[in-house]
Amino acid sequence: MATQDNWYIERFETTGSAVGYRVSDKLDEVQSPFQRIEIYQTTDWGNLMLIDGAVMLTSRDNFLYHEMIAHPALFTHPAPKRVVIIGGGDCGTLREVLRHPGVESATQCDIDEQVTRMAEKYFPELCQSNADPRAKLLFDDGVAYMRNCAPGSIDVAIVDSTDPVGPAEGLFNKAFYESCHRALKDDGILVQQSESPLAQLGLIQAMRMEMGKAGFSGFWTLPFPQPCYPTGWWSVTMARKQGGFGFRREDAAARPFETQYYTEALHQGLLVMPPFMAKALG
Ligand code: AG3
């Protein structure tokens with residue numbers, strides 16, 4: 001809810017900090033069977049989506065997150081054709097994935113159809129690839145979806161979830177990662193949003209541990225700015241069954257689509273871990 005002076009503030013008790021937006025209007029609110037979704041119009045950041053009070057995205061800065069959860073993994077994989085997105089109901093990740101001409105199918109499985117309905121209305125630019133014949137939108141339990149995937153059938157699995165509480169809790173443990181491991185081909189890649197490297201290195205470490213127990217052997221965490229999330233700095237973590245994190249640099253440089261943040265040089269730089277992260281993550 002917006003405060004009396006028309007600022008929406010998301011407070012992070014554990015870090016003693018907050019992120020806030022001046023809002024000019026409340027556009028919508030729906031209580032789905034899973035969560036409460038609210039949409040505000042802000043004075044400077046376009047529309048704002050909250051889920052259970054947590055900022056999910058703004059029109060103005062979601063390109064950072066969506067480019068970074070999609071392109072590094074897709075340019076690390078030798079030839080990604082079959083992509084699955086768990087969560088990602090706002091369709092922003094799906095749009096980035098479908099920019100890759102080699103992708104033959106991208107299936108998005110979000111538990112909550114209302115997130116997509118709200119995105120279609122208030123973030124139509126994120127949904128512009130939903131009618132792409134390669135796109136498939138499912139509204140179902142992502143944990144069950146991955147469990148039932150044919151073994152060795154997926155090139156890249158992307159987990160674009162909310163924080164690891166509530167509906168997303170089951171996406172951060174060994175059982176889920178085992179399903180991902182089984183569903184991925186041998187050269188497949190799992191990539192998951194992994195919260196703030198400034199505030200939640202312990203969580204990132206725990207995720208990598210659970211992924212390791214599920215059979216993944218290599219991990220790489222990429223930090224990037226994301227002003228609308230706790231601490232303003234965010235991360236994605238990639239995991240592989242085999243192989244490293246060198247990427248198709250030439251293909252990334254020659255990408256046949258525009259990006260606002262991702263470049264091959266930026267990606268190259270992210271193969272060097274900031275020392276404080278290297279120290280904690282090894
Ligand atoms: N997924 C990450 C949301 C986490 C934000 N956490 C918070 N505000 N406390 C966003 C979905 C974008 N496709």
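The values are calculated or read from the model by the stated rules, or taken from the named source; none is laboratory data. All of these numbers come straight from a predicted model, not from anything done at the bench. Methodologically, a virtual Cβ is constructed for each residue, glycine included, from the backbone with ideal geometry; neighbour enumeration extends over all protein chains shown. Calculation scope for accessible area: heavy atoms of the full protein, side chains included, ligands and nucleic acids excluded. Shrake-Rupley method; radii C 1.70, N 1.55, O 1.52, S 1.80 Å.
Tabulated data
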| quantity | calculated |
| --- | --- |
| Dipole-positive endmost among Ala54, Val19, Leu222 within the chain (Cβ charges, Cα centre) | Leu222 |
| Portion, in percent, of the accessible area of the chain that falls on carbon or sulfur, probe 1.4 Å | 51 percent |
| 3J(HN,Hα) from dihedral phi, region 83-97, Karplus parametrisation 6.51/-1.76/1.60, rounded to Hz, x for glycine, proline | 10, 10, 10, 9, x, x, x, 6, 6, x, 5, 4, 4, 5, 4 |
| Partners for Lys136 among aspartates and glutamates (Cα-Cα distance below 19 Å; same-chain residues under 8 apart left out) | Asp90, Glu96, Glu104, Asp110, Asp112, Glu113, Glu120, Glu125, Asp155, Asp160 |
| Where region 62-281 is the region considered: accessible area per residue in Å², 1.4 Å probe | 37 Å² |
| Hydrodynamic radius (Kirkwood) for region 7-58, which is based on Cα pairs only, to one decimal in Å | 11.4 Å |
| Crossing angle, helix 113-122 versus the chain [Cα axis fit, 0-90 degrees, rounded to tens] | 60 degrees |
| Between helix 62-76 and the chain: long-axis angle, C-alpha atoms, 0 to 90°, nearest 10 | 0 degrees |
| Cα-Cα P(r), the chain, percent of pairs per 5 Å interval | 1, 6, 13, 17, 20, 18, 13, 7, 3, 1, 0 |
| Residue-wise HN-Hα coupling along region 199-216, computed from phi with Karplus coefficients 6.51, -1.76, 1.60 (Hz; x: Gly, Pro) | 10, 10, 4, x, 5, 4, 4, 5, 4, 5, 5, 5, 4, x, 5, 7, x, 6 |
| Pair Glu258, Glu104: separation of 7 Å Cα→Cβ label points (nm) | 3.1 nm |
| Protection proxy ranking, peptides 245-253, 218-226, average beta carbon neighbours within 10 Å, highest first | 218-226, 245-253 |
| Gain upon complete extension [Thr15, Arg60; 0.36 nm per residue less C-alpha separation] | 13.8 nm |
| Ordering of 57-63, 268-274 by burial proxy (mean other Cβ atoms within 10 Å per residue, highest first) | 57-63, 268-274 |
| Among 38-48, 7-17, 133-143, the order from most to least packed when residues are scored by Cβ within 10 Å on average | 38-48, 133-143, 7-17 |
